[in-house]
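Peer 1: Shown below is the structure under consideration.
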Amino acid sequence: MANTSIKSMTAYGRAAVDHAVGRFTIEISSVNRRYLECAIDLPKELRAFEPDFRKWISSIVSRGQISVKVSAEFFGTSPLNAKPNLQLARQLKEAWGAIARELDMPLESFKLEMLADVEGIITFETNLQDAETFRNILHSVVKSALKRLNDMKEFEGQALAAEISEYLDRIETSLQKIAVKAPTATHKFRKKLSDRLDELLAGSVENEERILREIGVYSEKIDIVEEVTRLESHSRQFRNLLNAPVDAVGKTFDFLLQEMLREINTIGSKATELEVSQLVVEIKSELERIREQVQNIE
């Protein structure tokens, strides 16, 4: 595999830790997205730490859809304090009493568990005394899970780089064939038209000079040397980035691909020889294969 720093956006990482306050397990999965998106599933006892999770993740991951699932088993101490809303409970009891009297029902019909599903009957507040302990534990587990996620990203990235490198090999081979023909294609086209004009306009100097000027202008329009040179340059840049010690190159690859497609489309529109047109089709096919792979690069 190629020696590369590129990373795939498809990966998975898991980590767990046992602590005096509980057991915590974090699973992180990633799939391709143009920008960074995070979906974080936390137990209600840990929801106050969601902003911390987003900060920890964004410091490591630049783009992709990240799904985080946190499981926790608490051994006594909880990061939340439960507080009853006694005023609301008294009002509910009085309301139930009024209903019981109106319907001639025994007040004993009111059961405490009937309050369990009432929104706001119990509120939860972060236990600030223990918050830092839980934050440190969660940060430690997230770092381990992100490390495994990142390792998998790099491993998958090596496979992507090797595959893209093969596509570039084929592009460069086809481009070399086009480059050989590029300087001569215009000359051959001009000579072909000139020979034909000699047959049609023999002795008509004025018309011949005017048409030759038009041939010269048209010949410049079908010249593909510059496009070939730029496409060769873009291909080298692409290959260099595959091995560059730089993170998050996916967007740069997107830009280079757009430029390469623009150049090859221009070459295709100017091509006057069948072989060049066929080579253009082959290059565009390889660029499409690269585009599919680049969608999964961070």
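A short reminder: the numbers here are calculations on the coordinates, not readings from a lab. Here the structure is a predicted model, which means the values were calculated and not measured. With ideal geometry, Cβ positions are generated from the backbone for all residues, glycine too; neighbour counts draw on all protein chains shown.
Peer 1: Take every DSSP beta bridge with both residues inside the range 25-71 and express the antiparallel ones as a percent of the total, to the nearest 5.
Peer 2: Taking every DSSP beta bridge within the range 25-71, about 55 percent pair in antiparallel fashion.
Peer 1: Okay, moving on. Between LEU36 and residues 5 or more places away or on another chain, which pairs have amide H atoms under 5 Å apart, with H built 1.01 Å from N, and which residues are they?
Peer 2: So LEU36 has HN proximity to GLY64.
Peer 1: Between the range 1-50 and the range 155-185, what is the separation of their alpha carbon centroids in Å?
Peer 2: 36 Å
Peer 1: Out of the DSSP beta bridges found with both residues in the range 1-107, what percent are antiparallel (nearest 5)?
Peer 2: Among the beta bridges of the range 1-107, antiparallel pairing accounts for roughly 75 percent.
Peer 1: Could you list log10 I(q)/I(0) for the range 5-105 at q = 0.16, 0.19 Å⁻¹, which the Debye formula gives when each Cα is one point scatterer?
Peer 2: The Debye formula, applied to the Cα set alone, gives -0.78, -0.96.
Peer 1: Separate question: Can you list the HN-Hα couplings for the range 46-54, worked out from phi with the Karplus curve (6.51, -1.76, 1.60; θ = phi - 60°), rounded to whole Hz and with x for Gly and Pro?
Peer 2: After applying 6.51 cos²θ - 1.76 cosθ + 1.60, I find 10, 5, 5, 8, 4, x, 5, 4, 5 Hz.
Peer 1: Also, quick follow-up: Report the residues of the range 53-86 in range of a label on THR133: point 7 Å along Cα→C-beta, backbone N strictly under 16 Å from it.
Peer 2: Zone members listed by number: 73-82.
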